[in-house]
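Asker: Can you keep this structure in mind? I'll have questions shortly.
The values are calculated or read from the model by the stated rules, or taken from the named source; none is laboratory data. These numbers were taken from a predicted model, which means no experiment stands behind them. All Cβ positions, glycine included, derive from the backbone under ideal geometry; neighbour counts span all protein chains shown. Heavy atoms of the whole protein, side chains included, go into the accessibility calculation; ligands, DNA and RNA do not. Shrake-Rupley method; radii C 1.70, N 1.55, O 1.52, S 1.80 Å.
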Amino acid sequence: MTKIELTVDGAAVSDDVEPRMLLVQYLREKLGKTGTVIGCDTSNCGACTVHLDGTSVKSCNVLAVQANGRTVTTIEGLADAAEGELHPVQESFRECHGLQCGFCTPGMIMQAVDLLAENPHPSEEEVRLGMEGNLCRCTGYHNIVKSVLHAADKTAGGVSA
Amino acid sequence: MIPVKFDYLAPTSVEEALAALGEHGDDAKILAGGQSLLPVLRMRLNAPEVVIDLGGISSLRGIRDDGDAIVIGAMTTHHDVRDDHLVKQHALLLSKAAAEVADSQIRHRGTFGGALAHADPAGDLGAPALALGAQFVVAGPGGTRTVEASDFFVDLFETAIGDDEILTEVRIPKHTGWGAHYEKFVRVAHQWPIVAVAATVRGSIDEARVGLTNMGSTPLRATATEQALAGVSATEDGVREAAQLAADGTHPPSDLNGAADYRQHLARVLTGRAVLRAAGV
Ligand SMILES: Cc1cc2nc3c(=O)[nH]c(=O)nc-3n(C[C@H](O)[C@H](O)[C@H](O)COP(=O)(O)OP(=O)(O)OC[C@H]3O[C@@H](n4cnc5c(N)ncnc54)[C@H](O)[C@@H]3O)c2cc1C
Ligand code: FES
Ligand code: FES
């Protein structure tokens with residue numbers, strides 16, 4: 001067992017974990033943050049995307065011990081839940097119907113927030129490229145791209161995590 | 001699936017990491033960004049008893065100017081290589097190729113040194129490093145040595161790095177102001193190329209360097225094409241003629257993505273495109 005201390009969605013947490021434990025497992029099984037989902041076994045789908053020290057990573061391809069001393073933001077910490085508000089990108093996905101079954105959505109939103117932080121005014125092609133690590137089996141991507149572009153317009157690019 | 005149990009070490013200096021590697025030998029594995037190693041461990045294709053994480057060694061991260069070369073620390077991420085101003089100025093080809101590696105999330109974690117040490121013949125950074133004449137600085141129990149790019153890539157997933165050694169940094173001779181392009185042919189977004197071509201040119205065209213990805217068990221230089229390009233004017237016809245030589249002497253693999261002769265055809269076509277784009281045509 002290895003001791004880790006980190007900040008998850010604004011709260012300091014510490015635990016003893018097996019070094020082989022994946023960050024996504026830690027989030028789901030130890031912290032109960034099941035908003036972050038696992039969609040594949042090969043680090044291809046991006047459903048598990050979270051932010052590690054402010055940039056997007058696939059949490060199935062990071063060990064929990066590698067997050068020691070760092071800050072993790074999941075889909076559950078993106079908006080101020082206590083205030084009952086959604087993050088502008090979450091709102092945008094709802095307004096533009098950027099989902100069908102919703103399984104890819106947490107990862108899509110986390111990646112979209114990262115994309116817009118780096119490039120506040122992306123073109124449609126830049127959105128498609130920037131989201132290439134996130135797979136969706138339902139939508140055909142059309143409304144996902146629309147949601148990201150809408151979020152960029154709505155906030156005049158001022159999106160942050 | 002999750003990996004088999006292992007012990008985890010997080011050294012904070014290269015010396016400490018080398019000592020751990022010396023102590024555990026074959027039972028240990030180095031962890032850099034983990035973007036290749038963790039999938040391997042999760043599929044249980046490998047089961048080291050000890051994993052030595054280089055993530056806590058800050059001296060291995062960053063890019064610096066060193067006179068006639070820029071030096072890229074092994075733990076610098078693909079994302080940082082892509083965006084770095086020294087890289088853009090003096091080794092534009094690496095910035096272009098790093099932008100084509102995997103996807104945004106993986107580029108935030110995966111490292112320059114890790115990708116080169118992994119030596120996947122379909123990896124996107126080997127051919128540009130080879131084309132630019134990179135020098136690999138490797139630390140071991142006996143001190144530090146430098147390996148030329150032409151000696152670094154030995155075979156599929158095999159480099160000149162010894163079991164008791166760590167790649168610490170890579171020196172890239174400056175190619176200041178050279179145009180560059182990385183032309184990658186893929187079937188699926190964010191995946192490894194079926195074939196890719198790394199081209200960088202001085203003037204239009206005084207000199208050219210051309211590297212090939214996935215055209216053999218290691219990255220290759222298209223030397224016949226490079227020679228034919230020297231002094232050619234950067235027009236469609238001149239460049240395409242030189243590009244016809246790009247697959248000469250290669251022995252690419254045949255697999256589900258393409259047969260060997262198809263890959264040779266791709267190498268010729270993609271070389272033409274890459275060189276023209278590099279020359280700004
Ligand atoms: C879905 C997916 C898509 C991908 N697509 C691409 C792609 O299109 N193109 C591409 O090029 N790559 C691709 N990759 C691989 C990615 O580029 C990896 O980041 C890279 O290959 C390995 O870098 P790393 O830092 O993650 O190394 P790790 O995975 O940590 O290590 C890789 C290997 O190198 C060894 N090693 C690492 N660092 C050192 C060192 N300093 N000294 C000695 N040995 C060392 C490790 O022991 C291990 O054997 C993809 C990966 C995934 C999961
Ligand atoms: S679950 Fe992490 S990429 Fe698919
Ligand atoms: S909405 Fe079903 S996978 Fe994307």
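Asker: Identify all residues within the range A:5-51 that are within 14 Å of ligand 2 (Cβ to nearest atom), in contact with a helix residue (DSSP H, G or I) (Cβ under 6 Å, 6 or more places away or on another chain), within 14 Å of chain B (Cβ to nearest Cβ) and touching a residue at least 60 places away in the same chain (Cβ under 8 Å); write none if there are none.
Answerer: Matches in the range A:5-51: A:THR36, A:GLY46, A:ALA47, A:THR49, A:VAL50.
Asker: Please tell me if B:GLY162 is part of a loop (DSSP other than H, G, I, E, B) and without any contact (Cβ under 8 Å) to a residue 40 or more places away in the chain. Walk me through how you get there before you give the answer.
Answerer: Details: part of a loop (DSSP other than H, G, I, E, B): yes; without any contact (Cβ under 8 Å) to a residue 40 or more places away in the chain: yes.
In short, yes.
Asker: For A:THR2, which of the numbered conditions (1) within 14 Å of another protein chain (Cβ to nearest Cβ); (2) open to solvent by 50 Å² or more (accessible area, probe 1.4 Å); (3) touching a residue at least 24 places away in the same chain (Cβ under 8 Å) fails to hold?
Answerer: Unmet for A:THR2, out of (1) within 14 Å of another protein chain (Cβ to nearest Cβ); (2) open to solvent by 50 Å² or more (accessible area, probe 1.4 Å); (3) touching a residue at least 24 places away in the same chain (Cβ under 8 Å): (2).
Asker: Moving to a separate point now. Residues being out of contact with any helix residue (DSSP H, G or I) (no Cβ under 6 Å at 6 or more places or on another chain), more than 10 Å from chain A (Cβ to nearest Cβ), assigned to a loop (DSSP other than H, G, I, E, B) and small (Gly, Ala, Ser): count how many of those fall in the range B:1-46.
Answerer: The number of residues fulfilling the criteria is 1.
Asker: Given the criteria charged (D, E, K, R), over 30 Å from B:SER58 (Cα atoms) and surrounded by fewer than 24 Cβ atoms within 10 Å (Cβ to Cβ), does B:ARG202 qualify?
Answerer: On the way: charged (D, E, K, R): yes; over 30 Å from B:SER58 (Cα atoms): yes; surrounded by fewer than 24 Cβ atoms within 10 Å (Cβ to Cβ): yes.
Considered against the rule, which asks whether it is charged (D, E, K, R), over 30 Å from B:SER58 (Cα atoms) and surrounded by fewer than 24 Cβ atoms within 10 Å (Cβ to Cβ), B:ARG202 comes out as yes.
Asker: Output the residues belonging to the range B:50-74 that are exposed (fewer than 14 other Cβ atoms within 10 Å of the Cβ), touching a helix residue (DSSP H, G or I) at 6+ places or on another chain (Cβ under 8 Å) and assigned to a strand (DSSP E or B). Before you say what the answer is, go through the steps one by one.
Answerer: If we filter the range B:50-74 for residues that are exposed (fewer than 14 other Cβ atoms within 10 Å of the Cβ), which is where we start, we get B:58-59, B:64-68.
Filter once more, keeping what is touching a helix residue (DSSP H, G or I) at 6+ places or on another chain (Cβ under 8 Å): B:59, B:64-65.
The answer is B:ARG64, B:ASP65.
Asker: So, in the range A:36-67, exactly how many residues are crowded, with 17+ Cβ neighbours inside 10 Å, away from ligand 1 (no atom under 14 Å from the Cβ) and more than 24 Å from B:PRO48 (Cβ to Cβ)?
Answerer: 5
Asker: Looking only at residues in the range B:83-119 that are near ligand 1 (Cβ under 6 Å from one of its atoms) and in a loop (DSSP other than H, G, I, E, B), which one is least open to solvent (accessible area, probe 1.4 Å)?
Answerer: B:GLY110
Asker: Name the single residue, out of those in the range A:132-161 being of a type in the set (A, V, I, L, M) and open to solvent by 20 Å² or more (accessible area, probe 1.4 Å), that is farthest from the other protein chains (Cβ to nearest Cβ). Before you say what the answer is, go through the steps one by one.
Answerer: Restricting attention to the range A:132-161, the residues satisfying the condition of being of a type in the set (A, V, I, L, M) are A:135, A:144-145, A:148-149, A:151-152, A:156, A:159, A:161.
From the residues that got through so far, the ones that are open to solvent by 20 Å² or more (accessible area, probe 1.4 Å) too are A:135, A:149, A:156, A:161.
Details: A:LEU135: 9, A:LEU149: 17, A:ALA156: 22, A:ALA161: 14 Å.
Among them, the one singled out is A:ALA156.
Asker: List pairs: first residue in the range B:41-60 and within 12 Å of B:ILE166 (Cβ to Cβ), second residue open to solvent by 60 Å² or more (accessible area, probe 1.4 Å) and within 16 Å of ligand 3 (Cβ to nearest atom) anywhere in the structure, Cβ distance under 6 angstrom, at least six positions apart or on different chains.
Answerer: Correct list of pairs: empty, since none qualify.
Asker: Separate question: For a quick check of your reading: which strands (runs of 3 or more DSSP E) sit entirely within the range A:23-113 and have at least 1 residues that are away from ligand 3 (no atom under 16 Å from the Cβ) and farther than 19 Å from A:VAL13 by Cα?
Answerer: Numbers: elements: A:49-52, A:55-58, A:71-73.
Here the list reads A:55-58.
Asker: Being out of contact with any helix residue (DSSP H, G or I) (no Cβ under 7 Å at 6 or more places or on another chain) and under 22 Å from B:HIS78 (Cβ atoms) narrows it down to one residue among A:GLY54, A:GLY102; which is it? Explain how you work it out, then say what you get.
Answerer: On the way: A:GLY102 fails: under 22 Å from B:HIS78 (Cβ atoms).
The conditions single out A:GLY54.
Asker: Also: Given the structure, is A:GLU18 away from ligand 1 (no atom under 16 Å from the Cβ), surrounded by fewer than 19 Cβ atoms within 10 Å (Cβ to Cβ) and within 21 Å of B:PRO39 (Cβ to Cβ)?
Answerer: Answer is yes for this residue.
Asker: Turning to a different aspect of this structure: I need the full set of residues from the range A:78-131 which are away from chain B (no Cβ under 14 Å), within 16 Å of ligand 2 (Cβ to nearest atom) and in contact with a Phe, Trp or Tyr (Cβ under 8 Å, 6 or more places away or on another chain), in order please. Give the derivation first.
Answerer: Step one: filter the range A:78-131 for residues away from chain B (no Cβ under 14 Å), giving A:78-103, A:105, A:120-121, A:123-124.
From what's left, within 16 Å of ligand 2 (Cβ to nearest atom): A:101-103, A:105.
Listed by number, the list holds a single entry, A:THR105.
Asker: Conditions: (1) within 24 Å of B:PHE153 (Cα to Cα); (2) out of contact with any helix residue (DSSP H, G or I) (no Cβ under 8 Å at 6 or more places or on another chain); (3) open to solvent by less than 50 Å² (accessible area, probe 1.4 Å); (4) more than 14 Å from every other protein chain (Cβ to nearest Cβ). B:GLN227 meets all but one. Number of the miss?
Answerer: Condition not satisfied by B:GLN227: (3).
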